Amino acid sequence: MRIATLANASVVHTRRWVEHVRARGHDVRLWSLERGPAALGAAPLPAPPLPGALRYPLAVPALRAAFAAFRPEIVDAHYVPNYGLMGALSGARPLVVSAWGSDLLIAARQNPLQRARARFVLSRADRVLADSGNLAAAARALGAPESRVLEIPWGVDPARFQRGAERERGLLLSTRMHEAIYDLPTLIHAAATVLAARPETRLVLAGDGSRRHDLESLAARVLPPGRFEFTGRLEPDALAAWLGRAGIYLSASRSDSTSVSLLEAMAAGAVPVVSDLEGNREWVRDGDGARLFPVGDSARCRLAIEAALADPAWCDAARARNAAVIEARGSWPRNLARIEELFQTLIRAGRT
């Protein structure tokens, strides 16, 4: 297949997707307004210093010219109000648009312009992919026809995310980006009390982002010296190794559809202590594979961490349960094969 992918080249999910589909033998060209790793080979689009509401539509003429040369058999656009919009305006068909969560769960609900753009895109896409039930419902509420919405989580690579040989039960690990939506201060404040009471525990925060400096300053003020670490952004193998030995995985996200970070933790055996979101409850429940706490509640987060640490037998059962769930419906190769089959079906239908 000749696949034209439109997505943010700087985001790891784009890299995973493009590399996987190329490895399957397809000709995948990536167009992006954002810079990504050179090895990804993204074709740049004009990105003048204008608001996003203008930058993405203004890049469409250049995209149409590129499509005329490439002649894609299918357009694969990621994130509804920007690259989905570009795909819809390009006129190329068939068009598959993947929602990523915050585009429909946050932006389209809070911003009238984003909502209008999302409605325009969703009404014109041949298929809309959502990785969770709540995201699929949001797409339908914004006008996507029922028959065109498919719920397929991306999942995780079981060959990479596996349980490690040794488990450090006192290792509390966050792998979320350092942005406001992931509410890392709630985790740091919760961990402060846990670390003070339990000398065997430590907190590791992987990832990076615009809030990193503030988070490092907060950690230095409230956490015991020498008991926390900021690793920065990790390559996939290093990330998998950390999760493979962590006792507890932490996430205080304020919004999520299916969190790939959660699935990675489940596959690698780090017991989730996560915020009580609909997207998380599609995979774990409080006491059933995870401990949940209300969004933004550091005191309840602390209690959830303590409950997990105090019950090693329950943690072992949660790990076994979560591994079975990932095997049943969270496998990256199987779920991506479903998307590949969808692309082939749409291409065949377009030829008849």
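The values are calculated or read from the model by the stated rules, or taken from the named source; none is laboratory data. From a predicted model like this one, the values you see are computed outputs, not experimental measurements. Neighbour counts are summed over all protein chains in view; Cβ atoms, including those assigned to glycine, are modelled from backbone coordinates with ideal geometry. Ligands, DNA and RNA are excluded from the accessible area calculation, which covers all protein heavy atoms including side chains. Shrake-Rupley method; radii C 1.70, N 1.55, O 1.52, S 1.80 Å.
Of all residues in the stretch 3-26, those that are free of Cβ contacts under 8 Å to residues at least 40 places away in the same chain and hydrophobic (A, V, I, L, M, F, W, C) have Cβ atoms under 7 Å from Cβ atoms of residues that are open to solvent by less than 40 Å² (accessible area, probe 1.4 Å) and assigned to a helix (DSSP H, G or I), 6 or more apart or on another chain, in ALA9/LEU40; VAL18/LEU40. Being open to solvent by 10 Å² or more (accessible area, probe 1.4 Å), touching a helix residue (DSSP H, G or I) at 6+ places or on another chain (Cβ under 6 Å) and in a loop (DSSP other than H, G, I, E, B) is true for just one of ARG176, ARG115. Which residue is that? Residue meeting the stated conditions: ARG176. Annotation: of all residues in the stretch 329-352 being of a type in the set (Ser, Thr, Tyr) and open to solvent by 20 Å² or more (accessible area, probe 1.4 Å), the one that is modelled with the highest pLDDT is THR345.
Yes/no per residue for (1) modelled with pLDDT of 95 or more; (2) farther than 30 Å from ASP157 by Cα; (3) among the aromatic types (Phe, Trp, Tyr):
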residue: VAL21; (1), (2), (3): no, no, no
residue: LEU30; (1), (2), (3): yes, no, no
residue: LEU40; (1), (2), (3): no, no, no
residue: ALA43; (1), (2), (3): no, no, no
residue: ALA47; (1), (2), (3): no, yes, no
residue: PRO51; (1), (2), (3): no, yes, no
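Residue-level analysis places LEU63 outside the set of residues that are open to solvent by 50 Å² or more (accessible area, probe 1.4 Å), assigned to a helix (DSSP H, G or I) and either within 22 Å of LEU346 (Cβ to Cβ) or out of contact with any helix residue (DSSP H, G or I) (no Cβ under 9 Å at 6 or more places or on another chain) (or both).
Would you call LEU223 surrounded by 15 or more Cβ atoms within 10 Å (Cβ to Cβ), touching a helix residue (DSSP H, G or I) at 6+ places or on another chain (Cβ under 9 Å) and in contact (Cβ under 8 Å) with a residue 24 or more places away in the chain? Break it down stepwise before answering.
Values: surrounded by 15 or more Cβ atoms within 10 Å (Cβ to Cβ): yes; touching a helix residue (DSSP H, G or I) at 6+ places or on another chain (Cβ under 9 Å): yes; in contact (Cβ under 8 Å) with a residue 24 or more places away in the chain: yes.
Considered against the rule, which asks whether it is surrounded by 15 or more Cβ atoms within 10 Å (Cβ to Cβ), touching a helix residue (DSSP H, G or I) at 6+ places or on another chain (Cβ under 9 Å) and in contact (Cβ under 8 Å) with a residue 24 or more places away in the chain, LEU223 comes out as yes.
Filtered by the rule that a residue be in contact (Cβ under 8 Å) with a residue 24 or more places away in the chain, farther than 18 Å from ALA318 by Cβ and not hydroxyl-bearing (Ser, Thr, Tyr), the stretch 278-307 gives GLU278, GLY279, VAL295, GLY296, ASP297, ALA299, ARG302. Does ARG211 qualify as being within 29 Å of ARG16 (Cα to Cα), without any contact (Cβ under 8 Å) to a residue 40 or more places away in the chain, touching a His at 6+ places or on another chain (Cβ under 6 Å) and open to solvent by 40 Å² or more (accessible area, probe 1.4 Å)? The answer is yes for ARG211. The set of residues from the stretch 1-15 being open to solvent by 60 Å² or more (accessible area, probe 1.4 Å) and part of a strand (DSSP E or B) comprises just one member, ARG2. Within the stretch 124-170, restricting attention to residues that are in a helix (DSSP H, G or I), touching a Leu at 6+ places or on another chain (Cβ under 9 Å) and without any contact (Cβ under 8 Å) to a residue 40 or more places away in the chain, the residue that is farthest from ARG329 (Cα to Cα) is ARG124.
Do we have any residue at all in the stretch 104-123 that's within 25 Å of ARG348 (Cα to Cα) and aliphatic (A, V, I, L, M)?
Within the stretch 104-123, the first condition is being within 25 Å of ARG348 (Cα to Cα), and the residues that meet it are 121-123.
Narrowing further to those that are aliphatic (A, V, I, L, M): 121-122.
Among the residues of the stretch 104-123, at least one is within 25 Å of ARG348 (Cα to Cα) and aliphatic (A, V, I, L, M), which makes the answer yes.
Of the residues making up the stretch 73-107, those that are open to solvent by 30 Å² or more (accessible area, probe 1.4 Å) and touching a strand residue (DSSP E or B) at 6+ places or on another chain (Cβ under 9 Å) are GLU73, TYR79, ARG93, TRP100. Inside the stretch 16-41, residues that are open to solvent by 40 Å² or more (accessible area, probe 1.4 Å) and of a type in the set (Val, Ile, Thr) make up a count of 0.
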